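Structure record follows, encoded as structure tokens.
Read-outs throughout are calculated quantities, based only on the coordinates presented, and are distinct from any laboratory measurement. The structure presented is a predicted model; accordingly, all values stated were derived computationally and were not measured. Glycine also receives a Cβ, built like all others from the backbone with ideal geometry; neighbour counts cover every protein chain displayed.
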Amino acid sequence: MLIRSIIAQQISVAAAKTINARVVALVAPQRLSAEVMLAVSPARLRGAGVSQQKAAYLLDLAQRVAGGDVRLTRLAHHDDEAIIADLTRVKGIGRWTAQMFLIFSLGRPDVLAEDDLGLRSGVQRIHDLAALPTKAEFRELSAPWRPYATVASWYCWRSADLKSLAKGK
């Protein structure tokens, strides 16, 4: 999931899927793992469509996991902020990526990703705001979601999908 997240940063969903499939194909039939990723050269990652910067991020993640600096199997035993602090030590993993890991990999129920444009757009739509809410406004408007901010986030993301469907996209 972290590899996919790094690949997907700042590119379209379709491009991310294509590049991710190419990276998976590079290591096939093996599964993606830290050790397998360390065996893939940056040049081969570039050939799969991974930018030079993201290739460095992927290899930093692989080195930290293989070296025991980041222990993915033990993360679930820590609180959200400790996991975010651990993951954000990896180059290319910021707070948002760590929060998506909490939501989609660990199933944490109360994650509020205030940097997520889709969530803030959802709150703008739900509350019929003229402009995108600031982070402070977003936190205030989403306060009632606690302790299930993750669940409310899913509804916000889905509302964007429904809006697109209504427009015929």
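At-a-glance table
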read-out	value
Cα-based helix-to-principal-axis angle, 149-166 vs the chain, degrees rounded to 10	80 degrees
Percent breakdown of C-alpha pair distances by 5 Å bin, ordered from the shortest bin, for region 92-169	3, 16, 25, 25, 17, 10, 3, 0
FRET efficiency, 1/(1 + (r/R0)^6) with R0 30 Å, evaluated for Ala76 and Ala43 via beta carbons	0.30
Cα→Cβ-extended label distance, 7 Å offset, between Ser33 and Met1, nm	2.0 nm
Cα-based Lys proximity count in the chain, under 22 Å, for pairs eight or more positions apart or on separate chains	4
Convex hull volume of the chain per residue (C-alpha atoms, cubic angstrom)	129 Å³
Whole-Hz couplings from phi, Karplus 6.51/-1.76/1.60, listed for region 57-66; x for Gly and Pro	5, 4, 6, 5, 4, 4, 5, 5, 6, 4
At most 16 other Cβ within 10 Å, DSSP loop - chymotrypsin sites (Phe, Trp or Tyr not before Pro), region 67-155	Tyr148
Cα long-axis angle, helix 117-126 against the chain (0 to 90 degrees, to the nearest 10)	20 degrees
